[in-house]
Structure formats: structure tokens, C-alpha cells
Amino acid sequence: MIMSEKIKFAVIGQGHIGKRHADMVRRNPEAELIAVCDIAPKGQLGLNDLKELFYNSVEDLLAAHPEIEVVNVCTPNGLHAQHSLIALEAGKNVVCEKPMALTKADCEAMLFKALQVNKTVFCVMQNRYSPPSVWLKKIVDEKIIGDVFMVQLNCYWNRDERYYLPAGQAGKKEGWKGNQELDGGTLFTQFSHWVDLLYWIFGDMKDFQAKFNDFNHANLTEFEDSGFVNFNFTNGGMGSINYSTAVWDTNLESSITIIGSNGSVKVGGQYMDKVEYCHIKNYALPMLDPTNEANDYGAYKGSANNHPQVISNVINTLKGRTTMTTNAMEGLKVVDIIERIYSLRNPDRKS
């Protein structure tokens, strides 16, 4: 590949996150967006002014554009594996939104196909780019905080009827969230980014125990809205994930507290964007770059808007300048961890 050549992209799925991917590709001077795809009509998606080509079929898009090199999969969670496999079979690299899939088996199928066709699967875990996350990994990797004793992850967000309304109501363009087959559950859709940070910084987990409840979403979703999860890290120390989407009206916090042999830290704020406490032996907190604003979806907000870095990493990796930020094995591990947590759900529940 000539370094000056633009890398040609297509985006499958034109909901909130698919439109964001398309926009980030357009803004990158080394990328060219060739086409987008969605099963809904252009008008319903608000794409009447779209400059690129539009398709309702993934197969039609790929057949019409052999020049495409990268396909961004931004469809509902339960379709990530299916659409990624179609793109890989067509000889394209894949950028897969979180979660990589809803089962470890589907992730393995994607990984096997990528190896078979000598293509790359990039997993979108953009919270790894947030300055507090980079700093946390550094103080753990370099043992600045010492041995890790305890880690507590708290994620308390709002997702109510505004979020789960069916498509067509109150201007909603999509209506798959809350469905077990397409959504998969709160840990997959809302909090897999944070599970990824735990895995990225501290390694794998074992000895899970969990409690789940559905406080506000019994008529909206097919799964829990809240949970307490505790576990041991395979590298030593213990941890917990406390999460909910039952918070009234707006997100409360995403925070992580680490207790280590050399000190303690807490990164908090609504989106884990502020160092709230740092007390480590013989160490002064450095000045960190500001964290990007959270993705704003109108009635609710999501994680930090680091998608420009995701697209840049894809281009730099394919041009041989760097390595990928989140590889398919890491994406698989996040799904594996969530799948193991969800295996502890009450078998009498429909989920």
C-alpha cells in the first residue's frame, strides 16, 4: 500500500453510532467513505442529503464496491458477528463496534475467519484513549501503585423509556435495544467499555459471584437493569462491578477506585473523566490532557467521544505505522468475561 493513498471505508448500520463512524471517516484526510448501508430507508434515517452511495443490503454494497478495504460494523449487537463474517468473507478488514459479539463462540468464528483470509478485526473500545485510563494503566503496569489489593468499578446511568421506545415513536430511528437477541444485556450495551478497561488494566478475572435485579425496566427490556458482581483477578487482588441503568433522569457516575500497597486512587465523574483522589507514596499526579466530551444522544449520554482516534488507529495500523489499540483477542475476552458473569443469572429469568 502506498502511504499517501486514502483507505476506502464502508459503514454498515446508520443509527447513532453508525452515523458517528461515517462522520469520523469523512473527517480523516487519509480515509475515503465509499458507501453506507442500513435496512431502513434513507429518509427514515435522516440521510436525504447523503453524498455517498446508500445500500439496503450488505451483500449488494460489497458486490458493487470491490475497492472497499475496511467495513465498519455498527449494527445491533446481535448482528455484529454475522455482518463481520460477511465482510471478512469478501476480503475486507473489519472495524467492529462494541461488543464484538454476544457469545465467545461467535467471536472465535470471527477470529478464525480473519486469520483464514489474512484480514484484521479492529474492536472499538474507545475509552482506552481517555487520558485518565492511559494514566491508570501506567501506574498499574509500572507498579507505581504497588500490588493491587482491591478494585471497585461503579457505573450508575440512566436509561429509561426515552431510550427503549420502539422505532417510529418520538423520533426514534431504531428500536432493537432491550431485546435479548439483539441487545444482549446491560453489561454488553452500556458497560462493556468499562469491563474492557478492567481487563486491559488488571487482566483476566475468575471466581465470579453476582446478584441481578430489574428495578425500572420490567416492561421495557428482557434482562436486568442492575447488578453487583465480585471476583478475583488472576494476577492477584479482588474486584467488583456495581452497575445500574435505573438511575432517575440522567447519568450519575462511572468511577473506579483502586487500593494498592503503595497508595490509592479514584477516577470518577459521569464518564470516568476526572481524577478525584490520588495518594501514592513518593508520587505526584502529573497534569493529564482533558478528556473528550461524552457522546451526546439527546435524552442520554454515552462514553467519551474518542472515535476519531479509533479511525486514526485503523489507518495507521493498516499503513504499518503502529499496532491496533484493541485486537480481536481482547474483544473476545471482554465478551467471554460478560458471558461468564451472565451465566450466573437466575435460570428462572427469561434472560
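Below, the figures for the structure above:
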| read-out | value |
| --- | --- |
| Test result for Asp196, modelled with pLDDT of 95 or more and buried (at least 19 other Cβ atoms within 10 Å of the Cβ) | yes |
| Whichever residue in the stretch 293-351 is hydrophobic (A, V, I, L, M, F, W, C) and at pLDDT below 90 and, among such residues, is farthest from Leu197 (Cα to Cα) | Ala299 |
| Close pairs (8 angstrom Cβ cut-off, 6 or more residues apart or separate chains): assigned by TED's automatic domain parsing to the domain that holds Asp196 and on the phi > 0 side of the Ramachandran plot in the stretch 266-284, at pLDDT 95 or above and among the acidic types (Asp, Glu) anywhere | Gly269/Glu253; Gly269/Glu276 |
| Subset of the stretch 88-134 that is within 16 Å of the chain's Cα centre (by Cα) and hydroxyl-bearing (Ser, Thr, Tyr) - its residue that is nearest to Leu153 (Cα to Cα) | Ser133 |
| Qualifying residue in the stretch 245-256 (condition: surrounded by 20 or more Cβ atoms within 10 Å (Cβ to Cβ) and in contact with a Leu (Cβ under 6 Å, 6 or more places away or on another chain)) | yes |
| Leu85 being in a helix (DSSP H, G or I), crowded, with 16+ Cβ neighbours inside 10 Å and free of Cβ contacts under 8 Å to residues at least 60 places away in the same chain | yes |
| Residue satisfying all of: in the stretch 4-20; over 14 Å from Leu50 (Cα atoms) and in contact with a helix residue (DSSP H, G or I) (Cβ under 7 Å, 6 or more places away or on another chain); surrounded by the fewest Cβ atoms within 10 Å (Cβ to Cβ) among these | Ile7 |
| Filter result (touching a residue at least 40 places away in the same chain (Cβ under 8 Å), buried (at least 20 other Cβ atoms within 10 Å of the Cβ) and either not hydrophobic (A, V, I, L, M, F, W, C) or not assigned by TED's automatic domain parsing to the domain that holds Gly13 (or both)) within the stretch 63-82 | Glu69, Asn72, Thr75, Pro76, Asn77, Gly78 |
| Filter result for the condition that a residue is outside any helix (DSSP H, G or I) and among the acidic types (Asp, Glu), over Glu108, Glu5 | Glu5 |
| Criterion (surrounded by 23 or more Cβ atoms within 10 Å (Cβ to Cβ) and acidic (Asp, Glu)) met by exactly one of Glu161, Glu108, Glu97 | Glu97 |
| Conditions (1) in contact (Cβ under 8 Å) with a residue 60 or more places away in the chain; (2) crowded, with 23+ Cβ neighbours inside 10 Å; (3) within 16 Å of Asn93 (Cβ to Cβ): number failed by Leu33 | (1) |
| In the stretch 42-69, the residues that are of a type outside the set (A, V, I, L, M) and either at pLDDT 95 or above or closer than 24 Å to Leu318 by Cβ (or both) | Lys51, Glu52, Phe54, Tyr55, Asn56, Ser57, Glu59, Asp60, His65, Pro66, Glu67, Glu69 |
| Of residues in the stretch 211-237 being surrounded by 19 or more Cβ atoms within 10 Å (Cβ to Cβ) and out of contact with any Asp or Glu (no Cβ under 8 Å at 6 or more places or on another chain), the one nearest to Ser133 (Cα to Cα) | Val229 |
| Single condition Cys123 does not satisfy, out of (1) over 21 Å from Ser254 (Cα atoms); (2) surrounded by fewer than 20 Cβ atoms within 10 Å (Cβ to Cβ); (3) modelled with pLDDT of 95 or more | (2) |
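The values are calculated or read from the model by the stated rules, or taken from the named source; none is laboratory data. The model shown is predicted, which means the values in this text are computed figures rather than measured ones. Reconstructed Cβ throughout: ideal geometry from the backbone, glycine too, with neighbour counts over all protein chains shown.
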